[in-house]
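Report on the following structure.
The values are calculated or read from the model by the stated rules, or taken from the named source; none is laboratory data. Just so it is clear, the structure is predicted and the values come from calculations on it, not from any experiment. All Cβ positions, glycine included, derive from the backbone under ideal geometry; neighbour counts span all protein chains shown. Areas reflect the complete protein model, heavy atoms only, side chains present, ligands, DNA and RNA absent. Shrake-Rupley method; radii C 1.70, N 1.55, O 1.52, S 1.80 Å.
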Amino acid sequence: MVVAEGGSGSGGNKMPSERQRWETLEALKRSSKGQLSYCPDWPRGEDILEGCKPPLKLSSYSGWVLARVNAQSIQETPVSRSSTPNESTPLKDQLSSLVKTASPASQLDSSPLSSPALSETKTDENVNLLETSYKACPVVLPSKVTEIEGCIRMYEEVHKLRGKEGLRQRQEQQEQLAKAVSDMANEQLKRFDELKELKQHQEYQDLQEVMEKSSKEAQGQQEKLKEEHRHRAKILNLKLCEAEQQRQHQEEMERLRKEEGQERLRRLYSIQEEVLQLNQQIDPNSRHKDLPRIDLSAYSNRGNQICGLVSGLIRTTSERGFPSPVDVVNTERVLQEMRGLISSMQQEIASAVEEKKRRDEEEERERQKELQKKEQLKAQAPVPAQHPGGKQQKEASLGLQTKAEESTMQWYQELQDTADQCVFSFSGIADCKDNQVKKIKMDLQKAATIPVSQISTIAGSQLREIFDKINNLLSGKSVQSGGRMVSVTQHPQGLDFVYYKLAEKFVKQGEEEVASHHEAAFPIAVVASGIWEIHPRVGDLILAHLHKKCPYSVPFYPAFKEGTSMEDYQRTLGYQVTDSKVEQQDNFLKRMSGMIRLYAAIIQLRWPYGNKQGTHPHGLNHGWRWLAQMLNMEPLADVTATLLFDFLEVSGNALMKQYQVQFWKMMLLIREDYFPRIEAITSSGQMGSLMRFKQFLEKCLQKQEIPLPKGSLQSSFWRS
């Protein structure tokens with residue numbers, strides 16, 4: 001299509017001609033910048049110079065660029081009406097031929113999505129699109145390249161439309177297939193649900209039939225069981241009635257027996273109290289100065305034996321339950337004997353008094369005669385006074401002592417006073433209600449008692465660690481206890497409190513641990529001896545606690561005092577009384593044995609790492625004194641034999657090496673003189689301890705040797 005030149009005159013001068021514009025465009029196209037490729041669809045950010053690298057070519061969209069560039073001039077220059085017949089060809093026919101050229105029928109028919117109607121429809125749509133575009137932009141028909149590019153764009157559009165149509169058809173097919181499969185699955189699920197419901201119904205029917213059958217059987221069995229239960233209930237009711245009657249009868253008999261037994265027990269206690277009171281009237285040490293020839297030791301010995309028999313009888317009956325009438329009769333017979341003994345003693349005293357009176361009268365007559373002789377010899381020289389030059393001879397006592405020596409009792413009382421003063425000195429920390437002070441008290445008590453509980457014969461190194469821990473605590477150093485550091489300096493009364501609790505714990509270990517395991521006496525004793533040597537106050541408190549819990553370690557046999565209850569007197573003897581019930585004799589002897597064994601071990605052991613130059617704080621000389629005083633006192637049934645056996649078994653070897661001949665003389669004295677005294681007051685039920693003691697004596701005297709005690713610490717122990 002040829003565009004006519006516009007207007008004449010001044011209008012043509014102002015606006016360049018169409019040819020000039022095309023020449024300008026051709027010049028621009030041939031320029032270096034015109035050779036650059038241009039694409040309106042480039043993505044943003046892409047390098048615009050990238051098109052310079054490949055060989056120069058005209059862009060596929062150059063026709064569209066030229067159309068837009070010339071849009072203004074085309075609008076201003078009207079189309080020439082004097083066009084040739086070729087130029088006046090309708091635009092629609094040209095576009096149709098262009099589309100047909102770009103999209104031949106053979107190519108369209110080869111696509112699976114194509115159809116004649118669709119091709120014609122799409123072709124018409126594309127032609128209309130291009131026609132509309134060219135109507136908006138009436139320009140000269142593009143060159144061959146531009147036509148090809150337009151065909152390519154049209155082909156791309158047609159191909160996209162065909163692809164969309166094919167995709168739509170494929171989606172419809174898939175939807176139809178999925179719907180068919182879903183319908184089939186729903187039908188199968190319905191059939192499965194119906195079959196499952198049918199099976200459940202059948203199972204329910206079967207289960208219901210089984211349950212009905214079981215229910216009928218259970219009802220039948222239940223009826224049988226009910227009948228058996230009623231029958232058994234009748235039998236049991238009869239038996240229960242009989243048992244209740246028997247129980248009531250037994251309870252009544254038991255009540256009567258208890259009442260009678262308690263009455264007999266009260267009778268025994270009253271007899272024992274009367275015997276003890278009568279025995280107090282016999283005091284061999286309170287001899288009348290005006291009756292020098294009378295000796296009450298025989299009465300005292302017999303009185304002590306009678307008291308021992310009564311006490312043993314009461315203990316035996318208490319362990320058995322209640323005394324029998326025979327026990328009451330025997331005790332009353334012993335009481336009658338005690339009364340007869342007191343009556344005989346009083347008669348002897350009365351006869352002695354009368355004899356003294358008679359002697360006094362004779363002496364008075366002799367004195368009168370002497371005075372008369374002196375008056376007759378006035379002229380003669382006076383007779384010089386005669387001074388007694390001979391020693392006064394003491395009469396040999398036929399019996400043994402019933403009380404400890406005065407010096408021993410004074411020593412015992414001093415130790416008890418020391419313990420009481422120590423308790424008073426830490427009363428502030430013991431009675432304080434402040435939580436902080438209570439916490440300090442508990443920490444100190446644990447630090448003092450726990451190491452003593454850990455003493456054992458495992459290894460000498462462990463024993464040394466325990467000793468160092470106790471010594472450091474008493475020396476004022478901080479020690480670890482229960483995860484905290486503890487020191488006696490935390491409270492002004494802390495040291496006295498630790499002294500007392502430590503000594504109490506040592507004695508308690510003897511009462512409990514040594515009583516159960518005799519070998520434990522030696523490690524406990526060696527630590528106690530070492531602490532005693534460094535801290536003498538601990539040793540005094542150990543003795544005070546030991547004497548209080550075991551008066552036989554003094555030795556001291558507490559006497560019954562008027563006004564003292566039987567429970568308090570039994571506590572004084574060392575028995576544990578709980579709720580008016582006295583502990584059994586075996587347990588009592590076991591505790592006393594443990595404490596005596598600990599004492600016998602302490603007097604012979606020394607801490608091996610202490611001061612070798614100093615003397616033992618409480619050595620074998622105290623053991624010899626204890627043994628001598630025990631043999632000078634009247635024996636007690638069951639107690640004396642047990643304590644002598646335990647003491648000699650532990651410390652006999654050490655005493656033998658220390659005293660040699662004197663020790664064997666004492667052993668002979670025990671066998672020949674003292675053992676028969678113990679045997680005379682021992683009943684048939686108390687022969688166990690006596691026979692052990694007898695076998696020990698015979699074996700030692702026969703071999704002339706006392707073996708080392710079992711569990712003694714050897715030198716190899718301290719290297720472990």
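Reported count of residues in region 552-576, each being free of Cβ contacts under 8 Å to residues at least 60 places away in the same chain and either in a loop (DSSP other than H, G, I, E, B) or open to solvent by less than 20 Å² (accessible area, probe 1.4 Å) (or both), is 9.
Among the residues of region 614-649, the ones that are open to solvent by 20 Å² or more (accessible area, probe 1.4 Å), within 13 Å of Ile603 (Cα to Cα) and either in contact with a Pro (Cβ under 7 Å, 6 or more places away or on another chain) or among the hydrophobic types (A, V, I, L, M, F, W, C) (or both) come to 3 in all. Applying the criterion of at least 2 residues that are farther than 22 Å from Val650 by Cβ and either open to solvent by 10 Å² or more (accessible area, probe 1.4 Å) or touching a strand residue (DSSP E or B) at 6+ places or on another chain (Cβ under 6 Å) (or both) to the helices (runs of 4 or more DSSP H) found wholly in region 454-546 leaves 460-474, 494-509.
Residues that are closer than 23 Å to Leu655 by Cα, hydroxyl-bearing (Ser, Thr, Tyr) and open to solvent by 50 Å² or more (accessible area, probe 1.4 Å) within region 673-715 comprise just one, Ser715. Number of residues in region 234-260 that are basic (Lys, Arg) and either open to solvent by less than 70 Å² (accessible area, probe 1.4 Å) or free of Cβ contacts under 8 Å to residues at least 12 places away in the same chain (or both): the value is 4.
Rundown of residues vs (1) closer than 30 Å to Arg359 by Cβ; (2) at pLDDT 80 or above; (3) hydroxyl-bearing (Ser, Thr, Tyr), yes/no style:
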position: Glu242; (1), (2), (3): no, yes, no
position: Arg257; (1), (2), (3): no, yes, no
position: Glu260; (1), (2), (3): no, yes, no
position: Ile282; (1), (2), (3): yes, no, no
position: His288; (1), (2), (3): yes, no, no
position: Leu313; (1), (2), (3): no, no, no
position: Thr317; (1), (2), (3): no, no, yes
position: Arg320; (1), (2), (3): no, no, no
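Of everything listed in (1) assigned to a helix (DSSP H, G or I); (2) open to solvent by less than 40 Å² (accessible area, probe 1.4 Å), the single unmet condition for Pro323 is (1). Cβ-Cβ contacts under 8 Å between residues 6 or more apart (or on different chains), taken from a first residue in region 337-355 that is within 14 Å of Asn279 (Cβ to Cβ) and touching a residue at least 24 places away in the same chain (Cβ under 8 Å) to a second residue that is open to solvent by 70 Å² or more (accessible area, probe 1.4 Å) and among the basic types (Lys, Arg), are listed as Leu341/Arg302. Filtering region 399-447 to residues that are closer than 16 Å to Thr489 by Cα and not charged (D, E, K, R) leaves Ser425, Phe426, Gly428, Ile429, Ala430, Gln436, Val437, Ile440, Met442, Leu444, Gln445, Ala447. If you filter region 261-277 down to residues that are among the polar types (S, T, N, Q) and within 50 Å of the chain's Cα centre (by Cα), you find that the one that is most open to solvent (accessible area, probe 1.4 Å) is Gln262. Among the residues of region 332-342, none qualifies, meaning not one is at pLDDT 70 or above, outside any helix (DSSP H, G or I), open to solvent by 40 Å² or more (accessible area, probe 1.4 Å) and touching a Leu at 6+ places or on another chain (Cβ under 8 Å). Using the structure shown, decide if Gly652 is in contact (Cβ under 8 Å) with a residue 24 or more places away in the chain, buried (at least 22 other Cβ atoms within 10 Å of the Cβ) and assigned to a helix (DSSP H, G or I). Considered against the rule, which asks whether it is in contact (Cβ under 8 Å) with a residue 24 or more places away in the chain, buried (at least 22 other Cβ atoms within 10 Å of the Cβ) and assigned to a helix (DSSP H, G or I), Gly652 comes out as yes. Restricted to region 431-444, and to residues there that are assigned to a helix (DSSP H, G or I) and surrounded by 14 or more Cβ atoms within 10 Å (Cβ to Cβ), the residue that is modelled with the lowest pLDDT is Val437. Close Cβ contacts (under 7 Å, 6 or more residues apart or on different chains) running from residues in region 686-707 that are under 26 Å from Ser311 (Cβ atoms) to residues that are part of a loop (DSSP other than H, G, I, E, B) comprise Gln686/Ala637; Gln686/Asp638; Ser689/Asp638; Leu690/Thr682.
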